[in-house]
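The values are calculated or read from the model by the stated rules, or taken from the named source; none is laboratory data. For clarity, every value in this text was computed on a predicted model and none was experimentally measured. Cβ: placed from backbone, ideal geometry, glycine included. Neighbour counts: every protein chain shown.
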Amino acid sequence: MNSDSVAMTELHGKMQEQETVCIFGTGDFGRSLGLRLLQSGYNVVYGSRDPKNSLLLPKGSKVMAHAAAACEAHVIFVAVQREHYGFLKSLASTLAGKVLIDVSNNLRRGLYPESNAEYLSSLVPGATVVKAFNTISAWALQSGGLDANRQVLICGDRADAKQQVVDIAQSLGFTVLDRGSLRAAAELEDLPLQLFPLWRLPFCIAFCLTAFIFFYALTRDVIYERVTNGKDNAFRIMISLANRVFPIVSLVMLALCYLPGALAGFLQLYNGTKYRRFPDWLDRWMLCRKQLGLLALAFGFLHVLYTLVIPIRYYVRYRINVYVISLVKDNKTYEFDNTVAWRHDAYISMGILGFGLFVLLGITSLPSVSNSLNWREFSFVQSKLGYMTLLLCTAHTFLYGWDKFLRTSSYRWWMPPSYMLSLVVPCVVLILKLILIMPCVDRKVTRIRQGWERQSKTSSNCSDTKTNQPLMA
């Protein structure tokens with residue numbers, strides 16, 4: 001028998017072993033998994049404490065006692081909680097040589113000293129335990145594993161056992177990422193317990209910025225009028241102040257997406273190498289740039305919606321009517337100002353173009369879109385068009401403010417107009433980027449990112465400053 005025949009025989013044997021899959025547990029996950037396995041051509045047998053209660057199980061599956069079910073298959077999904085693992089001790093001899101797939105999770109971190117998968121391995125030492133499918137929900141199994149739910153993370157100590165799990169996952173339509181040995185099980189079990197880990201910092205920044213700008217605008221536009229003129233215009237909080245806060249927060253957060261990249265470029269220039277680690281705060285900042293940008297887009301979208309409702313506001317219609325009536329009474333004409341027309345049209349045009357590119361940035365951030373782009377295309381959109389978006393939105397703000405900063409009446413209680421606050425960070429980012437794209441600076445940064453190192457810094461930059469050990473082998 002030649003090698004090809006041997007390989008085909010082994011593959012056929014493996015497929016025969018995988019034809020029947022056992023599931024311990026008849027809860028939501030076990031039922032959804034069984035249905036998906038049946039749809040993919042597997043025979044499914046359930047191990048249950050009460051084999052007679054099988055009304056909710058998918059049609060085509062079998063249900064029997066745990067010991068009998070274990071004898072039917074080589075691969076067994078353990079879809080029960082850790083506190084119910086006790087019955088597995090009595091099945092240790094039956095489970096010897098089997099592959100046990102632990103899909104369990106805990107209610108909180110640090111609930112047990114060791115991972116559930118390692119605990120299961122200690123209960124049934126004769127079996128091979130593989131941690132997998134714990135990051136997949138029952139809903140994902142029923143819906144077909146859409147988007148981010150397509151990936152199955154696995155870990156285990158035996159490559160052949162993990163390969164069997166990989167084959168099952170791929171036959172169900174999932175992609176697989178091997179995370180190493182069973183010691184990584186604790187990390188995998190912590191993943192479902194994380195609540196938007198990359199969104200916490202962006203949400204915190206958005207909340208703090210929104211609160212600060214809101215109270216700043218409230219002080220200038222409402223409290224100031226109440227204290228100095230006795231005028232109650234608190235109604236402006238609902239639309240006017242909101243539409244002042246949203247664009248400011250949006251522009252500042254958009255600038256914060258590109259500020260860490262500029263800072264990284266200057267750090268590489270200072271260090272003379274790309275092989276030195278960035279500070280932890282900068283690393284964390286760069287990792288959440290996508291989330292910062294999406295939140296900025298959300299605030300920008302709110303600004304657009306609030307702007308569209310301005311013409312139908314009672315306050316605006318009242319002001320227009322009062323002004324028109326006053327012109328009629330005084331027999332005056334509202335004269336056309338060509339300069340003001342140019343400014344307003346440019347202001348609106350910059351806003352439309354900036355928001356359009358902003359939406360394009362958001363669309364290319366979607367996994368389904370970004371996965372269809374190569375690295376150069378993605379970099380062009382997110383970097384080149386991203387800076388163009390920032391430039392257009394900054395120009396939009398400048399045109400909105402125009403010469404207001406020259407009027408003494410704009411500085412209420414010595415507080416500058418709100419829009420001026422939104423220009424600080426974007427202008428800093430644009431100036432830093434302008435320096436980085438200067439030919440003399442850009443050539444040096446490009447050389448560093450291609451691997452060039454400054455000779456006087458080479459030895460120090462390639463070692464850790466605390467341990468003096470090389471950072472790269």
Only one of 258, 306 that is closer than 20 Å to residue 446 by Cβ and touching a residue at least 24 places away in the same chain (Cβ under 8 Å) = 258
inquiry  = So in region 198-244, with the set limited to residues that are modelled with pLDDT under 90 and surrounded by fewer than 13 Cβ atoms within 10 Å (Cβ to Cβ), which one is nearest to residue 312 (Cα to Cα)?
reply    = 232
query = Across region 174-209, what is the total count of residues that are over 17 Å from residue 103 (Cβ atoms) and touching a residue at least 40 places away in the same chain (Cβ under 8 Å)?
reply = 9
inquiry  = Show me the helices (runs of 4 or more DSSP H) found entirely inside region 236-345 where at least 2 residues are more than 37 Å from the chain's Cα centre (by Cα).
reply    = 314-330
query = Yes or no: residue 355 under 30 Å from residue 289 (Cα atoms), at pLDDT below 90 and aromatic (Phe, Trp, Tyr)?
reply = no
ask   = Filtering region 364-399 down to residues that are surrounded by 14 or more Cβ atoms within 10 Å (Cβ to Cβ) and outside any helix (DSSP H, G or I), which residue is farthest from the chain's Cα centre (by Cα)?
value = 373
task = List every residue pair whose Cβ atoms sit under 7 Å apart, with the two residues 6 or more apart in sequence or on different chains, where the first one lies in region 37-55 and is modelled with pLDDT of 90 or more and of a type outside the set (S, T, N, Q) and the second, anywhere, is surrounded by fewer than 16 Cβ atoms within 10 Å (Cβ to Cβ) and part of a loop (DSSP other than H, G, I, E, B).
result = 38/60; 42/19; 47/65
key: Within region 95-131, tally of residues that are part of a strand (DSSP E or B) and of a type in the set (Ser, Thr, Tyr)   = 1
task = Scan region 13-24 and report the pairs whose first residue is at pLDDT below 50 and whose second residue is part of a loop (DSSP other than H, G, I, E, B), with Cβ atoms within less than 9 Å and a gap of 6+ or a chain change.
result = 17/73; 17/74
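Table: residues versus (1) over 29 Å from residue 371 (Cα atoms); (2) of a type in the set (Asp, Glu).
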site	(1), (2)
101	yes, no
105	yes, no
109	yes, no
112	yes, no
124	yes, no
129	yes, no
134	no, no
157	yes, yes
